[in-house]
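Participant: My structure is below; once you've seen it, I'll send some questions.
The values are calculated or read from the model by the stated rules, or taken from the named source; none is laboratory data. All values reported here derive from a predicted model rather than from experimental measurement. Note that each Cβ is placed from the backbone with ideal geometry, even for glycine, and that neighbours are counted across all protein chains shown. In case anyone asks, the SASA skips ligands and DNA or RNA and just uses the protein heavy atoms, side chains included. Shrake-Rupley method; radii C 1.70, N 1.55, O 1.52, S 1.80 Å.
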Amino acid sequence: MRSHPRTGLTLLELLLVMTILGIVFGLSLGAITGMDLAKGADAEVLRGALRAARTAALAERHPAAMFVETDEETGHVSLVVQRMRTVGTWHFERPDGRGTDELTAEPLQGARQVEDGFIGSALSFYGAGRGARAEIALQTQSRYDVRDGVSIEAMIRVEDVRSGGTVFQFSGRTRICGLEVTQGGGLTGWVAPVFVDGTGRERAGGRVDIKLPAGTLEEGEWTRVALVYDRLQLRIVVDGFVAGVTAGEGELGTIDGPLVIGGDPLPFQGVLDELVVRIVERSEPVPLSQNAVWPEGLPVVVPFDADGSIDTLLAQGPYEFVLPTDPDETVRVGRTGVVE
C-alpha cells in the first residue's frame, strides 16, 4: 500500500510548539514591560525648550529664558519658555501718528511732527513746554499685557543736553515704567513692580531705578535706547549694548492709562522715532514624564542674551544636564548658547 506524507502536527508536537511560543511570548512581554518606552524623551524635551528660548532671543534680539517649574501639589516638572514679543510699532509717518492696532500717537500741547526723523518723519518736543506729549491708548487693547515684563525701545535725538525731561512714561493710577533724559545727556530708567497683599489685592511696591551718567547721549546724534524689564533684571540698552542693569523681581501692574511720550513735568528736548513696544510672553508649560524629578543643584533658569549666547549677567555657563529619567543622555549648553 502506498503511504501518504504527513501534513499535520501530532498532539505532542502541538503541545511542544505551544510551550515554546508561551516561553518566547513571556520573555518578550517581560522585556516590553520592563522597557522604558520614553527613554530619552525628557532629554529631548529639555533640548527642545532650550533651543526654543535661544531662537526667541535671536529672533527678537532681546533676552529670553527657559524656566523649570515644579507643581507644589503634584511634584510634576514642566518647562516654560519666556521671550519678548513685539506687539506694537509707531513710525510717525501719518499726521496722527497711527501705528499698530490703529492706535494713534497724535502730537498734543506743543509737540509736533518733523520731517527730519531717523527715517522719514518723527515726533519732536524741542522747544515745547510743560505737558507737550503724545498718548497711545494701550490700555484699550488687552494684548498689551505687561505684567510679566515689557520693553519699550525708540530712536531718540537730544537737541539740547543742558536740559532734562521725560522721554516716555507708562503711568496711570498704576505706575509701570518710564525713561528720562537728565542734564548733560544722562539717562534714568525705572519700573515699579507690584506685590499682592494678604487680601489678594495688588499694592504698589518700591520703584527700581537705573541711572546712566552724563555723556551717554550726544547732542544732535541719533541713539537707539531700550528700557527692558523681564522679572529677572531691569536694563537700559544703548545702541545694542547693555549700558545699565540692576536686579528686578515681581510682576508689573495691570495698565490703566496710556503710554505717554513726553509729558509732565517737562518733555525731553529732542526728537523721537521708531517706537517699539514688546511684552514678555510665557509659553504653555511642557511637562516632563510623570516620574521626572529635577535634581537639586541643576539650574532652574537658563537665560539667553539677545545674541543667543548665555546671558553672562545672570549666569556663567556652560551647562550640563543629566536627568534621572535619562541617565545616559547629557544635554549641554555652551557659552555661545548652542544646545547639544
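Participant: Six or more apart or on different chains, Cβ atoms under 6 Å: show the pairs whose first residue is in region 71-90 and within 12 Å of Ala52 (Cα to Cα) and whose second is open to solvent by 20 Å² or more (accessible area, probe 1.4 Å) and part of a strand (DSSP E or B).
Facilitator: Final answer for the pair search is Leu79/Val286; Val80/Phe67; Val80/Glu69; Val80/Arg282; Gln82/Arg282; Arg83/Glu281.
Participant: Additional query: Please find, within region 265-285, the residue that is nearest to Ala128 (Cα to Cα) out of those that are crowded, with 21+ Cβ neighbours inside 10 Å and out of contact with any Asp or Glu (no Cβ under 9 Å at 6 or more places or on another chain).
Facilitator: Pro267
Participant: Considering only region 244-258, how many residues are within 16 Å of Ser151 (Cα to Cα), open to solvent by less than 50 Å² (accessible area, probe 1.4 Å) and not hydrophobic (A, V, I, L, M, F, W, C)?
Facilitator: Final tally of qualifying residues: 6.
Participant: Restricting to region 245-279, name every residue that is outside any loop (DSSP other than H, G, I, E, B), out of contact with any Lys or Arg (no Cβ under 7 Å at 6 or more places or on another chain) and of a type outside the set (Asp, Glu). Walk me through how you get there before you give the answer.
Facilitator: Narrowing region 245-279 to residues outside any loop (DSSP other than H, G, I, E, B): 245-247, 259-262, 267, 270-279.
Remaining after also requiring out of contact with any Lys or Arg (no Cβ under 7 Å at 6 or more places or on another chain): 246-247, 259, 272-277.
The answer is Thr246, Ala247, Leu259, Leu272, Leu275, Val276, Val277.
Participant: Considering only region 214-225, I want to know if a residue exists there that is farther than 26 Å from Ile119 by Cα and crowded, with 17+ Cβ neighbours inside 10 Å.
Facilitator: Looking only at region 214-225, we keep the residues that are farther than 26 Å from Ile119 by Cα, and these are 214.
After this cut, where a residue has to be crowded, with 17+ Cβ neighbours inside 10 Å as well, the list is none.
Among the residues of region 214-225, not one is farther than 26 Å from Ile119 by Cα and crowded, with 17+ Cβ neighbours inside 10 Å, which makes the answer no.
A quick yes/no check of all residues on (1) part of a strand (DSSP E or B); (2) touching a helix residue (DSSP H, G or I) at 6+ places or on another chain (Cβ under 9 Å):
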residue	(1), (2)
Arg98	no, no
Phe118	no, no
Gly131	no, no
Ala134	yes, no
Gln139	no, no
Arg143	no, yes
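Participant: Right, next: Collect the residues in region 286-340 that are in a strand (DSSP E or B) and either in contact with a helix residue (DSSP H, G or I) (Cβ under 8 Å, 6 or more places away or on another chain) or more than 21 Å from Thr246 (Cβ to Cβ) (or both), keeping them in residue-number order.
Facilitator: Val286, Pro287, Val302, Phe304, Tyr319, Glu320, Phe321, Val331, Arg332, Val333, Val339
Participant: Now a separate question. Within region 195-235, can you find the residues that are touching a Pro at 6+ places or on another chain (Cβ under 9 Å) and of a type in the set (Asp, Glu)?
Facilitator: Within region 195-235, just Asp230 meets the criteria.
Participant: Could you list, in sequence order, all residues of region 261-291 that are of a type in the set (Gly, Ala, Ser) and at pLDDT below 95?
Facilitator: Answer for region 261-291, where residues must be of a type in the set (Gly, Ala, Ser) and at pLDDT below 95: Gly263, Ser283, Ser289.
Yes/no matrix, rows are residues, columns are (1) buried (at least 16 other Cβ atoms within 10 Å of the Cβ); (2) touching an Asp or Glu at 6+ places or on another chain (Cβ under 8 Å); (3) outside any strand (DSSP E or B); (4) not acidic (Asp, Glu):
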site: Ala52; (1), (2), (3), (4): yes, no, yes, yes
site: Ala57; (1), (2), (3), (4): yes, yes, yes, yes
site: His62; (1), (2), (3), (4): yes, no, yes, yes
site: Glu73; (1), (2), (3), (4): no, no, yes, no
site: Leu79; (1), (2), (3), (4): yes, yes, no, yes
site: Thr86; (1), (2), (3), (4): no, yes, no, yes
site: Thr89; (1), (2), (3), (4): no, yes, no, yes
site: Arg94; (1), (2), (3), (4): no, no, yes, yes
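Participant: Also, I was wondering about something else. Which pairs turn up if I take residues in region 248-267 that are within 12 Å of Gly165 (Cβ to Cβ) and look for partners that are of a type in the set (Phe, Trp, Tyr) with beta carbon separation below 6 Å, at least 6 apart in sequence or on another chain?
Facilitator: Pairs found: Ile261/Phe168; Gly262/Phe125; Pro267/Phe125.
Participant: Follow-up. Which of the residues spanning region 286-331 are touching a Ser or Thr at 6+ places or on another chain (Cβ under 7 Å) and open to solvent by 70 Å² or more (accessible area, probe 1.4 Å)?
Facilitator: Within region 286-331, Pro287, Asn291, Glu320 meet the criteria.
Participant: May I ask you to verify whether Glu202 is surrounded by fewer than 20 Cβ atoms within 10 Å (Cβ to Cβ), of a type in the set (D, E, K, R), modelled with pLDDT of 95 or more and farther than 19 Å from Gly220 by Cα? Steps first, please.
Facilitator: Values: surrounded by fewer than 20 Cβ atoms within 10 Å (Cβ to Cβ): yes; of a type in the set (D, E, K, R): yes; modelled with pLDDT of 95 or more: no; farther than 19 Å from Gly220 by Cα: yes.
Considered against the rule, which asks whether it is surrounded by fewer than 20 Cβ atoms within 10 Å (Cβ to Cβ), of a type in the set (D, E, K, R), modelled with pLDDT of 95 or more and farther than 19 Å from Gly220 by Cα, Glu202 comes out as no.
Participant: Which residue out of Thr223, Thr199, Thr174 is free of Cβ contacts under 8 Å to residues at least 24 places away in the same chain and of a type in the set (Ser, Thr, Tyr)?
Facilitator: Going through Thr223, Thr199, Thr174 in turn, just one is free of Cβ contacts under 8 Å to residues at least 24 places away in the same chain and of a type in the set (Ser, Thr, Tyr): Thr199.
Participant: Just to check your reading of the model, which residue among Ile236, Ile261, Ile210 is open to solvent by less than 40 Å² (accessible area, probe 1.4 Å), of a type in the set (Val, Ile, Thr) and over 30 Å from Ala315 (Cβ atoms)?
Facilitator: Criteria check complete, one pass: Ile261.
Participant: Can you say whether Glu153 is under 17 Å from Ala306 (Cβ atoms), modelled with pLDDT of 95 or more and either among the polar types (S, T, N, Q) or buried (at least 17 other Cβ atoms within 10 Å of the Cβ) (or both), as far as the supplied structure shows?
Facilitator: The answer is yes for Glu153.
Participant: Which number in (1) among the polar types (S, T, N, Q); (2) part of a loop (DSSP other than H, G, I, E, B); (3) crowded, with 21+ Cβ neighbours inside 10 Å marks the one condition that Ser163 misses?
Facilitator: Result: Ser163 passes all but (3).
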